[in-house]
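Undergrad: First the structure, which I've put down as structure tokens, then a few questions once you've had a look.
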Amino acid sequence: MTRTVLVTGGTSGIGRAIARMFAAERAKVFITGRHADTVGSAAEESGVHGVVCDATDPDQVASLADRVGQLDVLVNAAGGLAPAVPGGAAPLEALLAQWQANLAQNLLTAVLTTAALQDRFVRGGSVISIGSIGAERRGGSYGAAKAALAAWNAGLSAELAPGGVTCNVISAGYVEGTNFFAGGLSDERHRALVEETHDKRPGTADDIAQTACFLASPGARHITGQTIHVNGGAFTTR
Ligand SMILES: NC(=O)c1ccc[n+]([C@@H]2O[C@H](COP(=O)([O-])OP(=O)(O)OC[C@H]3O[C@@H](n4cnc5c(N)ncnc54)[C@H](OP(=O)(O)O)[C@@H]3O)[C@@H](O)[C@H]2O)c1
């Protein structure tokens, strides 16, 4: 049977790779992003359905849910580093704006989208949210938002797994080839991020997409409430 998959933030990088992998498995895939031009071109290139939706906006998210209908897999990939607050703001005002922006983009996007869709999951469904290694180290407001995403996921799993819906976070290490760093990553920083992995390579969007497809597969039905680290050993767990 054809599965229906929604990938928020599917216009580039990790979300786009995930959307393409599910589409290759013949799923009916919806992607979202905030801008009509990038949503349209990415949807066409990937052979999926595009919906313009800012996942921090409750009205837009509610309309998205009506458009998608019944759902097998939700991937909350929308996120990223919120832009720095322009100069001129008072220090505490700027700090507040920075934290609110990162919490909105990296936590509330997933919370709102999942809440709007959680009654539409079929039994055997999956919610997969993209976290970050930044939650484990000096990640500032971005890392704190991703840490909160993992904490929220644990409660979500307790709520949805009795109805047959698994809920997991994929905590990604450094992934190259996306718009995440917006061209702002120096060669030196790239080398340092690769050096701290055990396998001495950057992650790829497909590394994360493969994990997402596994978490939505029959072989992963007893995995829920977890944070799965995909980072080449840059952060290890016991
Ligand atoms: N790349 C890395 O090294 C890395 C590492 C760890 C975790 N991550 C996480 O992986 C996820 C994907 O990032 P990426 O590296 O693939 O970066 P990316 O290429 O910049 O992709 C981010 C996607 O999110 C969308 N987006 C951002 N805010 C949104 C919002 N409010 N509503 C809807 N869509 C929104 C963007 O589309 P529009 O801008 O068009 O809206 C874009 O499709 C993010 O959650 C990021 O935090 C990335």
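The values are calculated or read from the model by the stated rules, or taken from the named source; none is laboratory data. Note that the structure is a prediction, hence the values are computed from the model and not measured. Here the Cβ positions follow ideal geometry from the backbone for every residue, glycine too, while neighbour counts run over all protein chains shown.
Undergrad: Return yes or no: is Asp66 away from the ligand (no atom under 14 Å from the Cβ) and part of a strand (DSSP E or B)?
TA: Details: away from the ligand (no atom under 14 Å from the Cβ): yes; part of a strand (DSSP E or B): no.
So Asp66 fails the test.
Undergrad: Another one. Within the range 196-210, which residues are within 12 Å of the ligand (Cβ to nearest atom) and closer than 16 Å to Gly131 by Cα?
TA: Hits for the range 196-210 are Gly203, Thr204, Ala205, Asp206, Asp207, Ile208, Ala209.
Undergrad: So, in the range 77-100, of the ones that are under 24 Å from Val175 (Cβ atoms) and either without any contact (Cβ under 8 Å) to a residue 40 or more places away in the chain or among the acidic types (Asp, Glu) (or both), which residue ends up nearest to the ligand (Cβ to nearest atom)?
TA: Within the range 77-100, the match that is nearest to the ligand (Cβ to nearest atom) is Pro83.
Undergrad: Collect the residues in the range 22-68 that are β-branched (Val, Ile, Thr) and under 19 Å from Ala212 (Cα atoms), keeping them in residue-number order.
TA: Of the range 22-68, the ones β-branched (Val, Ile, Thr) are 29, 31-32, 38-39, 48, 51-52, 56, 61, 68.
Of everything in the range 22-68, those that are β-branched (Val, Ile, Thr) and under 19 Å from Ala212 (Cα atoms) turn out to be Val29, Ile31, Thr32, Val48.
Undergrad: Also: Out of curiosity, is Arg201 part of a loop (DSSP other than H, G, I, E, B) and either over 22 Å from Leu149 (Cβ atoms) or free of Cβ contacts under 8 Å to residues at least 40 places away in the same chain (or both)?
TA: Values: part of a loop (DSSP other than H, G, I, E, B): yes; either over 22 Å from Leu149 (Cβ atoms) or free of Cβ contacts under 8 Å to residues at least 40 places away in the same chain (or both): yes.
It is true that Arg201 is part of a loop (DSSP other than H, G, I, E, B) and either over 22 Å from Leu149 (Cβ atoms) or free of Cβ contacts under 8 Å to residues at least 40 places away in the same chain (or both).
Undergrad: Restricting attention to the range 7-38, which residues are under 11 Å from the mean Cα position of the chain (by Cα) and either more than 6 Å from the ligand (Cβ to nearest atom) or buried (at least 24 other Cβ atoms within 10 Å of the Cβ) (or both)?
TA: The initial filter retains those residues of the range 7-38 that are under 11 Å from the mean Cα position of the chain (by Cα), namely 7-10, 13-16, 18.
Residues satisfying the conditions are Val7, Thr8, Gly9, Gly10, Ile14, Gly15, Arg16, Ile18.
Undergrad: Could you say which residue among Val85, Val61, Val5, Val75 is among the β-branched types (Val, Ile, Thr) and part of a helix (DSSP H, G or I)? Walk me through how you get there before you give the answer.
TA: Numbers: Val85 fails: part of a helix (DSSP H, G or I); Val5 fails: part of a helix (DSSP H, G or I); Val75 fails: part of a helix (DSSP H, G or I).
None of the others qualify; the one that does is Val61.
Condition check ((1) closer than 20 Å to Val29 by Cβ; (2) in a loop (DSSP other than H, G, I, E, B); (3) over 13 Å from the mean Cα position of the chain (by Cα)) across all residues:
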site: Leu185; (1), (2), (3): no, yes, yes
site: Arg189; (1), (2), (3): no, no, yes
site: Cys213; (1), (2), (3): yes, no, yes
site: Ile223; (1), (2), (3): no, yes, yes
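Undergrad: Suppose we filter Thr32, Thr56 for residues that are among the hydroxyl-bearing types (Ser, Thr, Tyr), modelled with pLDDT of 95 or more and touching a Cys at 6+ places or on another chain (Cβ under 6 Å); which single one remains?
TA: Unique residue meeting the criteria: Thr32.
Undergrad: Only one residue in Gly233, Gly219, Gly143 is without any contact (Cβ under 8 Å) to a residue 12 or more places away in the chain and either assigned to a strand (DSSP E or B) or out of contact with any helix residue (DSSP H, G or I) (no Cβ under 9 Å at 6 or more places or on another chain) (or both), so which one is that?
TA: Numbers: Gly233 fails: without any contact (Cβ under 8 Å) to a residue 12 or more places away in the chain; Gly143 fails: either assigned to a strand (DSSP E or B) or out of contact with any helix residue (DSSP H, G or I) (no Cβ under 9 Å at 6 or more places or on another chain) (or both).
The unique qualifying residue is Gly219.
Undergrad: Quick check on my filter: what residues within the range 88-138 are assigned to a helix (DSSP H, G or I) and β-branched (Val, Ile, Thr)?
TA: First, pick out the residues of the range 88-138 that are assigned to a helix (DSSP H, G or I): 91-120, 133-136.
Residues satisfying the conditions are Thr109, Val111, Thr113, Thr114, Ile133.
Undergrad: Right, next: Which residues, counting only those in the range 39-62, are in contact with a helix residue (DSSP H, G or I) (Cβ under 9 Å, 6 or more places away or on another chain) and away from the ligand (no atom under 11 Å from the Cβ)?
TA: Within the range 39-62, Ala43, Glu45, Ser46, Gly47, Val48, His49, Pro58, Ala62 qualify.
Undergrad: So, in the range 42-76, of the ones that are among the polar types (S, T, N, Q) and touching a residue at least 24 places away in the same chain (Cβ under 8 Å), which residue ends up surrounded by the fewest Cβ atoms within 10 Å (Cβ to Cβ)?
TA: First, pick out the residues of the range 42-76 that are among the polar types (S, T, N, Q): 46, 56, 60, 63, 70, 76.
This time we only want the ones that are touching a residue at least 24 places away in the same chain (Cβ under 8 Å), so: 46, 56, 70, 76.
Values: Ser46: 22, Thr56: 19, Gln70: 11, Asn76: 27.
My answer is Gln70.
Undergrad: Exactly one condition in (1) under 19 Å from the mean Cα position of the chain (by Cα); (2) surrounded by fewer than 19 Cβ atoms within 10 Å (Cβ to Cβ) is not met by Ser126; state its number.
TA: Ser126 satisfies all of (1) under 19 Å from the mean Cα position of the chain (by Cα); (2) surrounded by fewer than 19 Cβ atoms within 10 Å (Cβ to Cβ) except (2).
Undergrad: So, one more: Which one of Gly155, Gly163, Gly184, Gly233 is more than 11 Å from the ligand (Cβ to nearest atom), over 18 Å from Gly10 (Cα atoms) and at pLDDT below 95? Walk me through it before giving the result.
TA: Details: Gly155 fails: at pLDDT below 95; Gly163 fails: at pLDDT below 95; Gly233 fails: at pLDDT below 95.
Criteria check complete, one pass: Gly184.
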